[in-house]
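**Student:** Handing you this structure, nothing more for now.
The values are calculated or read from the model by the stated rules, or taken from the named source; none is laboratory data. Treat the numbers as computed from the prediction; the structure is a model and nothing was measured. Quick reminder, even Gly has a Cβ in these numbers, built from the backbone with ideal geometry, and neighbours come from all protein chains shown. Note: accessible area is taken over every heavy atom of the protein model, side chains too, but ligands, DNA and RNA are not part of it. Shrake-Rupley method; radii C 1.70, N 1.55, O 1.52, S 1.80 Å.
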Amino acid sequence: NKRGSWEGYVSGTGLAALAHHLYPQMFASTVTTQGLAELAETGHSEALHVIEQGGHSLGLGLALLTDLLAPEMIVLGNLARRLGGRFTETA
């Protein structure tokens with residue numbers, strides 16, 4: 001995990017660390033993003049919150065990069081595919 005970097009917040013490892021940081025009694029330091037995703041699929045509010053926070057951070061970073069670099073396309077990786085709308089369609 002690249003502590004303090006944008007990737008550190010929006011990567012799979014970063015989401016797991018965020019879960020532990022926000023809800024230490026609920027999510028052990030060994031929580032995985034796959035575990036978060038499974039809980040989110042059942043409607044677990046804290047897991048959904050963590051994923052939505054990560055998606056929001058992703059969106060902020062992409063907005064800045066888009067303004068700066070004006071790319072024709074942005075390709076999101078495996079995490080976005082696996083988490084889907086919970087991660088990519090946050091407000």
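**Student:** Using a 1.4 Å probe, what is the accessible area per residue for the chain, in Å²?
**Tutor:** 66
**Student:** For the chain, what's the relative contact order in percent, using C-alpha pairs closer than 8 Å and at least 6 residues apart?
**Tutor:** 27
**Student:** Based on DSSP loop calls and a cut-off of at most 14 other Cβ atoms within 10 Å, the longest stretch of the chain free of exposed GluC sites (Glu not before Pro) is what?
**Tutor:** 1-71
**Student:** Sort R3, R81, R86 by accessible area with a 1.4 Å probe, largest first.
**Tutor:** My answer, sorted largest first, is R3, R81, R86.
**Student:** Roll a 1.4 angstrom probe over the protein heavy atoms and tell me the percent of accessible area of the chain that is carbon or sulfur.
**Tutor:** The value for the chain is 56 percent carbon and sulfur by accessible area.
**Student:** Which whole DSSP H helices in the chain pass both tests: a Cα extent of 20 Å or more along the axis and a mean Kyte-Doolittle value no lower than -0.5?
**Tutor:** 45-69
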